[in-house]
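Heads up, the thing below is written out as structure tokens.
The values are calculated or read from the model by the stated rules, or taken from the named source; none is laboratory data. None of the values given here were measured: they were computed from a predicted structure. Here Cβ is always computed from backbone atoms with ideal geometry, including for glycine, and neighbour counts include all displayed protein chains.
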Amino acid sequence: MTYVIHGATGAQGGPLLTRLTQSGHRAVAAVRNPSAMKGVPAVAVDNASVESLAQAYQGADGVFVHLPVVAEADRLTYARNIAQAVARARPARVVISPSGWVVDEPESPLQNQPDSAIATLIREIQQAGISLAVVAPRLFFENLLNPVVLGPVKSDGILRYPLRPDFPVSWASHLDVAEVAERLLLDHSVTGVVGVGQSPGMTGTELAAAFAGHLNRPVAFSSLTPEAFGDMIAPLFGAGAAAGVVAGYQAQAQAVANAINPATSAQRLLGLAPRTLPQWLAEISA
């Protein structure tokens, strides 16, 4: 049994590859240069080549897809190529992570557009008739480790983030995503969207309170505009990536919440509860 993991060098695919390997399954990293993986089983793929992807998927029991953070035009090309390769190779199961992009709220300003890369990927794999699940987190606790966020928390007791203080979010860890993705790769009985994150969602004020409890000092939440946040992260991630982040938080400014649907949550469908923020803080500090 072989599972092909996209994004295996990153924050979502990496923990999933580790979980599958530790549980005794044969999981391989789908990367451009397998020799750089230093002993980690890997298969060479080129997202720009349908043939390359189809060869990697041939005979696979499951494929985990996480599109890279690149220009949307390139993401769309990769999405179409991956879907074509899946249709050709027909792996037994595909699990997709939209990486926080909303795909199950058609009336929400957060909903990904029908012609976007992630929406195209999901639609075309559904049309291919492959068993499919979408592991759907919202925002990641790991975002709070960004130096421009965590630094002021520690130095000034201020949690600055581009959300309203009362805006509820189903926060989750990348580790939670990996746990749910592993279950979905192994258990084909659940299909469709599976939300991952706190339910009900946590507000910015509640985030600050959790940090205060962990650090044993007062921490206050302070809202930033998406544009100001973009200016802060651009030196770290580049202007292009920062622009995408800004657009995402601009959309959230127009929404009433960014919370998963309890009816399609991992808690309800799989019996898997995500880490709370205090649990996650304790875990990463251990």
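Numerical summary
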quantity	calculated
Given (1) assigned to a helix (DSSP H, G or I); (2) modelled with pLDDT of 95 or more; (3) under 17 Å from the mean Cα position of the chain (by Cα), number of the condition R75 does not satisfy	(2)
Index of the failed condition, S222 passing every other in (1) polar (S, T, N, Q); (2) at pLDDT 95 or above; (3) within 17 Å of the chain's Cα centre (by Cα)	(3)
Residue that is modelled with the lowest pLDDT [pool: residues in region 78-117 that are among the small types (G, A, S) and in a helix (DSSP H, G or I)]	A117
Condition check for Q126: surrounded by fewer than 21 Cβ atoms within 10 Å (Cβ to Cβ), assigned by TED's automatic domain parsing to the domain that holds Q22 and either closer than 17 Å to F64 by Cβ or of a type in the set (S, T, Y) (or both)	yes
Test result for Q58, free of Cβ contacts under 8 Å to residues at least 40 places away in the same chain and polar (S, T, N, Q)	yes
Qualifying helices (runs of 4 or more DSSP H) (wholly inside region 118-226; at least 1 residues being in contact with a strand residue (DSSP E or B) (Cβ under 7 Å, 6 or more places away or on another chain) and acidic (D, E))	174-186
Inter-residue pairs, beta-carbon under 9 Å, first free of Cβ contacts under 8 Å to residues at least 60 places away in the same chain and in region 162-184, second not hydroxyl-bearing (S, T, Y), 6+ apart	P165/G204; P165/A208; P165/F221; D166/G204
Single residue of A11, A27 found to be closer than 18 Å to V135 by Cβ and in a loop (DSSP other than H, G, I, E, B)	A11
Filter result (more than 19 Å from V190 (Cα to Cα) and among the hydrophobic types (A, V, I, L, M, F, W, C)) within region 122-158	L139, F140, F141, L144, L145, V148, V149, L150, V153, I158
Hey, L144 at pLDDT 95 or above and either touching a Pro at 6+ places or on another chain (Cβ under 8 Å) or surrounded by fewer than 21 Cβ atoms within 10 Å (Cβ to Cβ) (or both) or not	yes
Of the criteria (1) of a type outside the set (A, V, I, L, M, F, W, C); (2) on the phi > 0 side of the Ramachandran plot; (3) touching a residue at least 24 places away in the same chain (Cβ under 8 Å), which one S97 fails	(2)
Hey, R75 within 21 Å of V193 (Cβ to Cβ) and either touching a His at 6+ places or on another chain (Cβ under 6 Å) or not assigned by TED's automatic domain parsing to the domain that holds A8 (or both) or not	no
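Yes or no, residue by residue, for (1) surrounded by fewer than 19 Cβ atoms within 10 Å (Cβ to Cβ); (2) over 26 Å from A60 (Cα atoms); (3) polar (S, T, N, Q):
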| site | (1), (2), (3) |
| --- | --- |
| V102 | no, yes, no |
| E105 | yes, yes, no |
| S131 | yes, no, yes |
| F140 | no, yes, no |
